[in-house]
1. Could you compute the net charge surrounding V634? Neighbours are other residues with a C-beta less than 11 Å from the C-beta of V634; K and R count +1, D and E count -1.
2. Which value, in debye to the nearest 20, describes the size of the charge dipole of the range 739-804 about its Cα centre when Lys and Arg Cβ atoms bear +1, Asp and Glu Cβ atoms bear -1, and nothing else is charged?
3. Which pairs in the list K579/K650; K579/K677; K677/K821; K677/K853; K238/K289 are over 22 Å apart, alpha-carbon to alpha-carbon?
4. Can you tell me the accessible area per residue over the range 304-370, all protein chains present, probe 1.4 angstrom, in square angstrom?
5. How many nm separate the modelled label positions at R414 and A323, each set 7 Å beyond the Cα in the direction of the Cβ?
6. Would you please give the residues with an amide H less than 5 Å from that of L264, counting only those at least 5 places away or on a separate chain, with H modeled from the backbone geometry?
7. Past 31 Å, Cα to Cα: identify those pairs from K564/K848; K464/K564; K787/K848; K517/K790, in the order given.
8. Counting Lys and Arg as +1 and Asp and Glu as -1, what is the net charge of the other residues whose Cβ lies under 9 Å from the Cβ of R609?
Amino acid sequence: MTIHGITRSSAGSTRESVDRSAAASGAGSIVLVLLVAGVLVAAAAAFMLLRHGSAEPYILVFLAVFATVGVFSLFALAAGILRPSTAAPVNPLIKSLVDDAFDGILVTDGDGGVIYANAAYLDLIDAADAHDMRPVERVFIGDVDASEAIYRLLKAAREGKRLQEEVRVAATKGRPARWLRLRVRPLGDGARARRLTVWSISDVTRERERQENVFQELQHAVDYLDHAPAGFFSVDAKGDVIYLNATLANWLDQDLAQVGSGGLKLADLVAGDGAALLTTLRAAPGEIKTEVLDLDLKTRSGGTLPVRLFHKLAFGADGAPSASRTLVINRARDNGTDPQRAAEIRFMRFFHNTPMAIATVDRDGGIVRTNPLFARLFHNVLSIESGDRSIGAVIAERDRGALEAAIAQAARGRSDIAPVDAALAEGERFARFYVTAVEEEERDQEAAIVYALETTAQRELETKLNQQQKMELVGQLAGGIAHDFNNVLSAIIMATDFLLNAHKPTDPSFGDIMQIKQNANRAASLVRHLLAFSRKQTLRPQVLDLGEVLNDLTMLLRRLIGEKVTLEVVHGRDLWPVKVDISQLEQVIVNLAVNARDAMPEGGRLTLRTTNVAARECERYHAKGMPAADYVLVEVGDTGTGIPDAILDKIFDPFFSTKEVGKGTGLGLSTVYGIIKQTGGFVYVDSVLHEGTTFRIFLPRHIASAQEAAESAAELEAPAISGTLAAADQVKRAANAAGADLTGEGTILLVEDEEGLRALNARGLASRGYTVLEAGNGVEAIDVLEKSAKPVDLVVSDVVMPEMDGPTLARELRIRNPGLKIIFVSGYAEDAFQKSLPEHGQFAFLPKPFTLKQLVAAVKETLAA
């Protein structure tokens, strides 16, 4: 063992650092030298035993071998192949630093054997002498408090990792309990160095004691702050309360366990919109700003507490606010003895809780102070970091001049200033601003008071009401026109039927008559579109699966849109049932598909997408006027030219079209609108110019009633029979339609106020063998019925007539003859007058215009029923 130095311990005793690494390397070198010396001595002895003459060749060979080995060794040393095995020189400065370090340092090999220990380590483990070099695990064996930490350190040493632990060592003879900091790391990065482990041990007892003292002082300070006679809280930039003293928590009945965990927000402490005043405070970067605010805090039970806040906020170099420091003075603890304080509290509550946003501004429009509602409504402007908080930034640029002019009038002392309606700068929001002047002596800092009342909801309601009234008026006009047109078309179609019956196909005029009838039918189709828009057509709703309906339409749609347009159908899973008229729904999809095709003359993609929309998901579609409920959504989207914003609000108007003259009636989208509205659904459109248009149709989810559920169950129990009967009924109807005998007999009372149409209908029925009695209105019909010698078998009546309409006539006739059969004919929809009839009234309905064949078929079917 080689001794390299002496160090003085903290106890005043002297100990020596112990280094066994140098002794080990020296022993290896001596062995090699002794081995070479032994070989030489043995060779010399062997040569001496030989005779002189015979030994000489051996000596020469031996010397030649040694010379050759020497020459090659010199070359190898010069080339760097061989290197002298000498110990690296020890830096005396580093050696002195390690030997005399205040921390104990220990180096162990892979087997845990001690390679080096400095004097401080020997002193820390109370080593008896240099031979008492125990490794760390043996020093603390049996110490329960340190055993777990020692185990983790040994594991890290075996794995070549770094680790630090602080352990409390129990008291020993002559030493009190102490805290030690133990570190472990590999000696270096090389393979040989990683087999050696460096342990560092330092006594941190005094450091821990200082930490304990600081913690105790901090606890005392927190205790003083917690029980101070004033409240205190701190809020971070996200609005989380990170500190709340016990005094304020007691005032507000708040749970301190929620503080710091994100469970308590600033909005939980401040009543109303008062939190906006604290979160919108801004200053220059690096500035510390303090605001004095009178607010109401709220208790956990919902009560209010009037307080004065001294709100201090520091801003960083980037302008970001740090956590606040807010002192809270309770202003409700005077027991009503200070009338001035009570008046201030009343005004504060009035100012902060008024439903109108209020701010004071200077002559340039800069905002001086606000109430909480103003801070909440216009928080983006009040939160700008530049500090330029101008009220002009609140409103859109086009309306700023009017508000600035009003503020200028107030600054001059004018009192009667007209309110300013303006669009706000952010989003589609609107507000009305009222400006009043302040006292003349106060105009240097505050030139005017601005009151703002948001009118966004009011404007939306007015727009919606105006649009609804416009659509209803247009619908009423369209319905009235459709009714009158249906009467005219009925007469034209009936007259053409008579002419066609009187002419042979070879007659020169037969083609002209057919042309008249075809154009009349085309006009009837346009009238049906008008009725659809006015929501006065007759619907036959049934429960449907939209996925199946769209699948059935796929082939038709592909033919309609052509080869240039790609059709993509995407169905949602488990679609809810809807109750709609299938023919009308198909008309809606076809109309939208045709419009999409026309918007993509160069080709594109048409997408039909269906999905369920639950009530909680309605809000994300931003569908104005649509109540939250369960819907099935049908989206029809294209990649066409899009619709300009200027005409987007007009596309559902009847006869509005952007197509060339002769290429559209302008009734396609109005028909879509009317059908969907009459079904109880909603239709909306989103369009981006040159990108495409998407129509969204929301159909109400149908929930089957108990009766419908029972009927569905019965159908499921006997599907084969139902299917057979349905198929047989279809075959029977087809056969009857193909070659049915439409002649008959019986007395029919025909009631129609249009004389020409009545004459044509009477002529047609009489030509099929019926006896026809005519009347111009309900009063005449009753008179004819009472005077008739023959009993009337059937009444065919118009609905809208002067003096007495059709439903009133039906009630009067049923009083006289409860079993009398009635057919109503009308240019309006069946639903338009059905509510005027008695409940469970039995009648048939034939919509105008109709052909002679349809009239006779309806009469015969009703009489046979």
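1. Once all neighbours under 11 Å are counted, the net charge is +1.
2. It works out to roughly 280 debye.
3. Checking Cα-Cα distances, K579/K650; K677/K821; K677/K853 exceed 22 Å.
4. 55
5. Between R414 and A323, the simple spin-label model gives 5.2 nm.
6. Long-range HN contacts for L264: V241.
7. In this structure, K564/K848; K464/K564; K517/K790 lie more than 31 Å apart at Cα.
8. Net charge around R609: -2.
The values are calculated or read from the model by the stated rules, or taken from the named source; none is laboratory data. Computed from a predicted structure; not experimentally measured. When we count neighbours, we look across all protein chains shown, and the Cβ atoms used for this are built from the backbone with ideal geometry, even at glycine. The protein model used for the area step is the full one, side chains on, heavy atoms only, and it has no ligands, DNA or RNA in it. Shrake-Rupley method; radii C 1.70, N 1.55, O 1.52, S 1.80 Å.
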